[in-house]
Amino acid sequence: MTRQALDDLKQQIPLLRYLHGHDWSPVRPLTRGRWMGRCPLHEDHQPSFLVDPNRNLFYCYGCGRGGDVIRFVELYHEVTFSQALALLQQWRGNGPLLQQTARFYQVQLNRHSEAVAYLDQRGIRSPELIEHMQIGYAPGGCLRGWLTQFGHSLAALRQAGLVTGSGYDAYVHRIVFPLEGNLYGRSISATAPPHRFLPGSKGGLYGWAEVQTSPEVVLVEGLFDYAALWQAGFRTITCSLGTRLNRRQVEQLCDAPRTVYLAFDADNNGSGIQAAQNLAQMLQQRGLDARLVLLPEGHDPNSFFVQGGDARQFHALLEAARS
Ligand SMILES: [Zn+2]
């Protein structure tokens, strides 16, 4: 990348907009248009993160780190300089569009009783959880019109995979969860394929930023499992969105010594258990303490809680995996 291309990239992605897109908001204004807020790079109890939108720079008085948007991406996502550039280019392409889509779907959720009923049936009721995971609903037949009215071209919507080749909304009757650079859509209808992602990577581990400093994490394979555990009060959970981890997810899990509890589906044909065993072995070879959580047969963490399991019982399963 040339110097000029780097400058263009930084100019097209204002640091403040990128921070907003990653759930950062300032706590108070300072002089000369600058802002102060909590540092997203570490646990920060009082605002020590300064953002200067005019110079497109940040500096943290807590951890002493600072720089431009590329430096921020390197630190925040723990990636190399060239990976940071790739993430930013991807974000420049689709980020704002996906964010706008996710927000639109969030608004739809409470307008569609079939969506609320589906969540209820999967045990998801807590408004805090719905807010935390930014859960939305894609009714179908309305996204394209809404986005084009904001100036997004049909070509861009097709390229992002939000609209099909024939011009219809790609997600119809799906519960939608925003991911890093993607949207996961779970069909509420039994006749459609249950799981869908937009084209491109599913991203890293779900919710990783919140658990990466924890010495123990519980890894689940589905977002409804994550949701059930979160609602039951567990906070050191992460999700791989399938039993197959991509390279980035493996790197995240292995970036520090930690204990990983694998709580995959105990499906009747044993494939979930097999996948968990293979993964545990691979993580152990990389120096992690990986433990298998044995759920009652035929259960995943979501159905465990839906069918009456409680936090104390799940704690007992974790405890049993310890020994
Ligand atoms: Zn800091």
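The values are calculated or read from the model by the stated rules, or taken from the named source; none is laboratory data. It should be emphasised that the depicted structure is a prediction, and the values quoted were computed from it without experimental measurement. Reconstructed Cβ throughout: ideal geometry from the backbone, glycine too, with neighbour counts over all protein chains shown.
Out of Q12, Q83, I need the residue that is away from the ligand (no atom under 16 Å from the Cβ), over 20 Å from Q134 (Cβ atoms) and more than 20 Å from the chain's Cα centre (by Cα). Which one?
None of the others qualify; the one that does is Q12.
Of all the residues in the range 194-208, those that are more than 9 Å from S240 (Cα to Cα), hydrophobic (A, V, I, L, M, F, W, C) and assigned to a loop (DSSP other than H, G, I, E, B) number 1.
Checking each residue in the range 60-77 for being of a type in the set (K, R) and away from the ligand (no atom under 11 Å from the Cβ) picks out only R71. Would you mind finding the one in H173, H112, H132 that is in contact (Cβ under 8 Å) with a residue 40 or more places away in the chain and at negative phi? From the options H173, H112, H132, the qualifying one is H132. Scanning the range 90-133 for residues that are among the small types (G, A, S) and more than 17 Å from the chain's Cα centre (by Cα) turns up G93, S113, A115, A117, G123, S126. Total residues in the range 42-95 satisfying the condition of being surrounded by fewer than 16 Cβ atoms within 10 Å (Cβ to Cβ), closer than 21 Å to G200 by Cβ and not polar (S, T, N, Q): the figure is 3.
Yes/no per residue for (1) in contact with an Asp or Glu (Cβ under 9 Å, 6 or more places away or on another chain); (2) crowded, with 19+ Cβ neighbours inside 10 Å:
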{"site": "G270", "(1), (2)": "no, no"}
{"site": "A275", "(1), (2)": "yes, yes"}
{"site": "Q281", "(1), (2)": "no, no"}
{"site": "E297", "(1), (2)": "yes, no"}
{"site": "N302", "(1), (2)": "yes, yes"}
{"site": "V306", "(1), (2)": "no, no"}
{"site": "R312", "(1), (2)": "no, no"}
{"site": "A320", "(1), (2)": "no, no"}
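Selection within the range 151-187: residues that are among the β-branched types (V, I, T) and over 18 Å from the mean Cα position of the chain (by Cα). The member of this set that is modelled with the highest pLDDT is V172.
Among the residues of the range 18-32, not a single one is more than 16 Å from the ligand (Cβ to nearest atom), free of Cβ contacts under 8 Å to residues at least 12 places away in the same chain and in contact with a Leu (Cβ under 7 Å, 6 or more places away or on another chain). Quick check on G185: is it part of a loop (DSSP other than H, G, I, E, B), under 26 Å from G222 (Cβ atoms) and touching a Phe, Trp or Tyr at 6+ places or on another chain (Cβ under 9 Å)? So G185 does not fit the description; no. Looking at the range 1-110, the strands (runs of 3 or more DSSP E) lying wholly inside it that each contain 2 or more residues that are aliphatic (A, V, I, L, M) and touching a strand residue (DSSP E or B) at 6+ places or on another chain (Cβ under 6 Å) sit at 49-52.
Within the range 225-236, being in a helix (DSSP H, G or I) and either hydroxyl-bearing (S, T, Y) or surrounded by fewer than 22 Cβ atoms within 10 Å (Cβ to Cβ) (or both) holds for Y226, W230, Q231.
Counting the residues of the range 186-212 that are among the small types (G, A, S), under 22 Å from P139 (Cα atoms) and surrounded by fewer than 16 Cβ atoms within 10 Å (Cβ to Cβ) gives 3.
Only one of the numbered conditions (1) assigned to a loop (DSSP other than H, G, I, E, B); (2) surrounded by 14 or more Cβ atoms within 10 Å (Cβ to Cβ); (3) more than 16 Å from the ligand (Cβ to nearest atom) is violated by F150, and that is (2).
Looking for something of a type in the set (A, V, I, L, M) and out of contact with any Phe, Trp or Tyr (no Cβ under 8 Å at 6 or more places or on another chain) - is there at least one such residue anywhere in the range 65-72? No, the range 65-72 contains no residue that is of a type in the set (A, V, I, L, M) and out of contact with any Phe, Trp or Tyr (no Cβ under 8 Å at 6 or more places or on another chain). Out of Q149, Q90, Q99, one residue alone is of a type in the set (S, T, N, Q) and in contact with a helix residue (DSSP H, G or I) (Cβ under 9 Å, 6 or more places away or on another chain). It is Q99. Taking first residues from the range 43-55 that are on the phi > 0 side of the Ramachandran plot and touching a residue at least 12 places away in the same chain (Cβ under 8 Å) and partners that are part of a loop (DSSP other than H, G, I, E, B) and more than 10 Å from the ligand (Cβ to nearest atom), no Cβ contact under 8 Å between residues at least 6 apart in sequence or on separate chains turns up. Against the list (1) under 18 Å from V217 (Cβ atoms); (2) in contact (Cβ under 8 Å) with a residue 40 or more places away in the chain, the condition H315 fails is (2).
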